[in-house]
Each structure stands twice: as C-alpha cells, then as structure tokens.
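Let me begin by presenting the structure, written as structure tokens, before commenting on it.
The values are calculated or read from the model by the stated rules, or taken from the named source; none is laboratory data. Note that the structure is a prediction, hence the values are computed from the model and not measured. Virtual Cβ from ideal backbone geometry, glycine too; neighbours counted across all protein chains shown.
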Amino acid sequence: MISREICCRVLRKALSTGGDYAEIFAENTVNHSIHMISDRVDAIKDTNVAGAAVRVYKGLRSVMASTVDTSEEGLLACAEKAADALGEGTAPMDIVLKERSFGDIHPVKLYPVSVSNREKVAILKDGYFAAKEYAPAVRQVSGTLACVDHRIFVANSEGLLTADRSVRTRIAIEAVAELEGQTQTGRCSPGRKMGLEMFETVDPKQVGLKAAQQAVTMAGAGYCPAGVMPVAIENGFGGVIFHEACGHSLEASSVAYGRSQFAGKLGERIANPKVTAIDDGTIPNAWGSINIDDEGTPAGKNVLIEKGVLKSYMIDKFNGRRMGMASTGNARRQSYAYTPTSRMTNTYIAAGEDRNEDIIASMEYGLYARDMGGGSVNPVTGEFNFSVNEGYLVRNGKICEPVRGASLVGKGSDIIRNIDMVGTCMEMGQGMCGSSSGSVPTNVGQPLIRVSSITVGGR
C-alpha cells in the first residue's frame with residue numbers, strides 16, 4: 001500500500017519529538033451486503049473504508065492521528081500531528097524496514113467480488129423462504145448476506161513491514177412468529193473467515209429453519225420462573241457467557257490498569273478444575289481468526305485458564321508495556337480510525353469429559369439454555385446480565401416445556417467456579433464484539449456445560 005521509503009520518512013517524522021516507538025496502520029476494506037424483507041430484495045450496499053493512522057509511544061504515553069489522505073504529504077502531516085502532541089524531544093536514528101510475510105492459513109476459494117449478485121441473492125432467498133414457509137405462525141422474516149474483504153498494512157519503527165488480507169462471509173436470518181397474540185423472534189447467523197464457499201458446508205435453508213423454529217417455539221412458550229437454580233448452557237453461542245463475563249476481564253485493556261476482577265491473579269486457581277479456557281486466533285477459516293493482529297503481531301493460541309488456574313491474559317503492545325509483558329497477538333481495531341487495544345479472537349471453554357445426557361440427568365430442577373442472547377458486563381466487577389433466546393425447564397433429569405423471558409444474572413468470578421460439568425462436544429457461534437476499539441468479529445464457544453447455581457431472572 002505504501003512504499004518502504006515513504007514509510008521510513010513518516011516514521012521518522014512521528015518520532016521527531018522523542019517518541020520511542022511509532023507505527024503506521026493502513027487499510028482498504030470493501031463491505032458488501034444484500035438485505036431482504038417482505039419477500040423481496042430491499043437493499044444492496046457496497047461501502048469502502050480506506051485510510052491510515054500513525055501512532056506514537058513515549059514511555060507510557062500513546063498518541064494516534066488518522067487520515068483519509070494516504071499520499072506522502074497526507075501521511076507526513078498525520079505523523080506531525082501525533083509527534084506534536086507528545087511535545088519536544090530528540091530526533092531518532094535511521095529506521096530500517098524489513099518486509100515480513102506471516103503466511104495465510106485461511107484459504108479463500110470464492111472471493112465475494114467474483115460472484116454475481118444474482119448468485120448471492122439466490123443463496124439469501126434459500127434461507128429467507130425456508131424460514132417464511134416453516135409454519136403459518138411465522139409473520140415476518142428478514143435476511144442479510146454480508147461479505148467483507150479487509151486489507152491491512154503495518155509498518156513500525158522496530159523494522160516491521162507487513163500486510164494481510166481477510167475475507168469474511170456471514171448470513172443472518174431473523175423470523176418473527178405469533179401465537180395467541182404473543183410474538184417472539186428467532187435468529188440464526190453463522191459466519192466464517194472465508195468466501196462464498198462457506199455455503200458448501202453451511203446450508204442457508206437450515207439457517208432459515210433454525211431461526212423460524214426458535215421463533216415459533218418461543219411464541220408458544222410460557223414465562224420462565226425466577227430463582228436460583230442449576231443451569232445447563234448449550235454449546236456454540238452459549239460461550240458468550242464466558243466471553244462477556246470473564247473474557248473481557250482477561251484483556252490487558254482492563255488488567256493493565258487494575259480494572260479487572262482477575263488482575264494480579266496469574267498462577268492462582270480462579271475456576272473449577274474442569275474449566276480450561278482458550279483464545280485461539282489461528283483456527284483455520286474460523287470467524288474470529290486472524291493471520292496477524294492490527295499491530296502486525298502473528299496470531300497465537302493463548303491458554304487463558306488451564307484446569308481452573310489462570311495462565312495468561314490477552315495483551316496488545318501498549319498495555320503490555322504497562323504490564324511488563326509481551327503482546328499475545330490480540331491487538332484489534334474496527335478500522336484505522338480506532339486506536340487498537342487487546343481484544344478476543346476465537347475464545348472458548350475447551351471440551352471436557354462429561355456426557356451430555358449425564359449433565360441433563362444430574363438436574364432435578366433447573367433451566368436448559370439452548371440458545372443465548374446478548375447481555376452486558378462490568379469487567380471491573382464481572383457482574384453480568386444475559387438474556388436466554390431459547391430456554392426449557394428441566395425436571396427430574398429431563399428437558400421439558402419451553403420457557404421465554406429468562407435471563408442469567410451473576411458475577412464472572414462466581415460462574416467459572418460454579419461450572420461443575422463440561423461436555424465433550426465443543427462448538428462455536430459467531431458474533432460482533434464492541435469495545436473501545438470498535439466492533440470486531442469474534443467467535444465464542446464451549447461444550448454443553450452445567451453451572452451448579454446461578455440466579456435466573458423471569459416471572
């Protein structure tokens with residue numbers, strides 16, 4: 001994107017007031033989406049995000065400036081703004097950039113740009129009409145097919161010069177069902193770090209059917225009773241519990257400032273010995289995977305908790321300075337306009353040894369959360385609140401009638417101690433995680449787990 005010579009001049013300008021580290025981040029991202037509602041294509045959108053940012057460190061100070069002008073003049077002006085914000089200092093020595101390639105373990109067969117809109121619309125229609133025709137109770141369906149082609153370029157004063165390309169594809173079907181005056185919504189939205197070949201293994205019709213089935217089931221359900229009880233949380237997107245309740249508290253952006261429930265606890269037992277939790281950005285073609293992070297550090301497999309013991313955090317370069325620890329390849333940003341910070345990639349509870357049938361059979365009375373919804377968390381205290389999109393009561397070790405309106409309320413440090421059964425089949429679900437550096441694609445995952453005691457909100 002930017003020549004080596006220009007990068008050197010821009011980095012020197014950025015360091016001209018005494019900074020000890022400088023970085024250029026440039027991107028060119030193409031977003032393509034098709035939306036359907038009311039049995040027709042409602043919109044086809046193409047947007048482009050292109051620009052660059054220059055960031056400078058001086059000890060534990062960090063300044064970033066961004067620009068849409070990626071000419072040499074524009075980049076030098078951007079670097080000067082960042083340098084001026086740091087004050088006066090000594091000019092740096094020469095910078096020698098060495099180009100590095102970290103490879104690509106996420107092959108793409110069908111780049112979205114090479115597939116016609118007609119073909120993409122046909123894929124979306126398969127999912128849309130499968131949901132629409134599922135049952136008379138389905139009153140409304142909407143669907144989106146989204147493709148992203150994301151190219152980045154990183155150069156820094158440590159001599160790194162590298163680039164990467166990420167292609168992601170996702171389909172989302174949402175259905176609204178009505179039964180006896182009660183309406184409920186169901187949603188299914190799988191995604192992968194790959195092109196349109198995703199639909200060789202992901203059937204859009206099954207996506208639509210799952211969304212419609214959930215909506216109809218929940219529309220016919222009674223309200224969930226409230227109370228403290230054991231809860232079995234299904235695999236896949238059930239992992240959002242760990243992501244929100246614990247994962248954010250393991251990011252350096254919280255830990256480095258002591259604003260985390262797990263700060264200063266490396267080597268301590270913080271969870272049930274059955275819990276091993278991992279953040280792994282190297283899973284081939286997984287939604288949250290990366291080749292390099294947005295600072296140019298290669299992705300890695302980072303064991304966060306091993307058999308209940310806290311082993312590591314997720315760290316970016318700047319917060320790593322404060323912690324005296326190296327980056328783990330977790331620096332991420334929505335775009336060049338955001339300052340990168342430590343973020344999750346594919347974060348999951350690893351498979352255990354408990355059989356699913358034994359987990360359910362162990363519950364005399366409780367809740368089976370088949371599909372989780374969104375929620376909120378305070379990373380300092382770990383206190384969270386999550387909705388359950390699809391839930392069922394468990395009686396005498398058997399899954400019984402569906403219930404709606406359930407929520408799970410608790411504290412992250414408590415829930416991971418109360419996970420006392422972990423199933424054998426780990427799956428992942430896809431989401432977009434929002435934080436100070438914007439919205440980034442992340443995978444959440446786990447096997448079926450049992451939380452021995454948690455507060456369930458309901459009626």
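Condition test on residue 216, is it assigned to a helix (DSSP H, G or I) and under 23 Å from residue 388 (Cβ atoms)? So residue 216 fits the description; yes.
Residues checked against (1) among the aliphatic types (A, V, I, L, M); (2) out of contact with any Pro (no Cβ under 7 Å at 6 or more places or on another chain):
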residue: 126; (1), (2): no, no
residue: 143; (1), (2): no, yes
residue: 161; (1), (2): yes, yes
residue: 168; (1), (2): no, no
residue: 186; (1), (2): no, yes
residue: 190; (1), (2): no, yes
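Being closer than 30 Å to residue 256 by Cα and either modelled with pLDDT of 95 or more or touching a Lys or Arg at 6+ places or on another chain (Cβ under 7 Å) (or both) is a property that does not hold for residue 369. Filter region 60-69 for residues that are loosely packed, with under 15 Cβ neighbours inside 10 Å and without any contact (Cβ under 8 Å) to a residue 40 or more places away in the chain and give the result. Answer for region 60-69, where residues must be loosely packed, with under 15 Cβ neighbours inside 10 Å and without any contact (Cβ under 8 Å) to a residue 40 or more places away in the chain: 61, 68, 69.
For beta carbons closer than 7 Å, sequence separation of 6+ or different chains, a first residue in region 388-409 that is among the basic types (Lys, Arg) and a second that is part of a strand (DSSP E or B), the qualifying pairs are 395/365; 404/184; 404/223. Any idea which residue in region 326-356 is nearest to the chain's Cα centre (by Cα), counting only those that are among the β-branched types (Val, Ile, Thr) and in a strand (DSSP E or B)? The residue in question is 347. Screening region 92-131 for residues that are touching a Lys or Arg at 6+ places or on another chain (Cβ under 9 Å) and assigned to a helix (DSSP H, G or I) and picking the one that is surrounded by the fewest Cβ atoms within 10 Å (Cβ to Cβ) gives 129. Looking across 337, 277, 326, 350, one residue alone is surrounded by fewer than 23 Cβ atoms within 10 Å (Cβ to Cβ), in contact with a helix residue (DSSP H, G or I) (Cβ under 8 Å, 6 or more places away or on another chain) and among the hydrophobic types (A, V, I, L, M, F, W, C). It is 326.
Only a single criterion out of (1) exposed (fewer than 13 other Cβ atoms within 10 Å of the Cβ); (2) assigned to a helix (DSSP H, G or I) is not satisfied by residue 74, namely (1).
Using the structure shown, decide if residue 72 is touching a residue at least 12 places away in the same chain (Cβ under 8 Å) and out of contact with any strand residue (DSSP E or B) (no Cβ under 9 Å at 6 or more places or on another chain). Judged against the criteria, residue 72 is a match. The set of residues in region 255-301 being touching a His at 6+ places or on another chain (Cβ under 9 Å) and over 25 Å from residue 154 (Cβ atoms) consists of 260 alone.
Within region 150-173, the set of residues being within 22 Å of the chain's Cα centre (by Cα) and either at pLDDT below 95 or of a type in the set (Asp, Glu) (or both) comprises 164 only. For region 155-162, check the following and say yes or no: at least one residue is in contact with a Leu (Cβ under 9 Å, 6 or more places away or on another chain) and on the phi > 0 side of the Ramachandran plot. Yes, the conditions are met somewhere in region 155-162.
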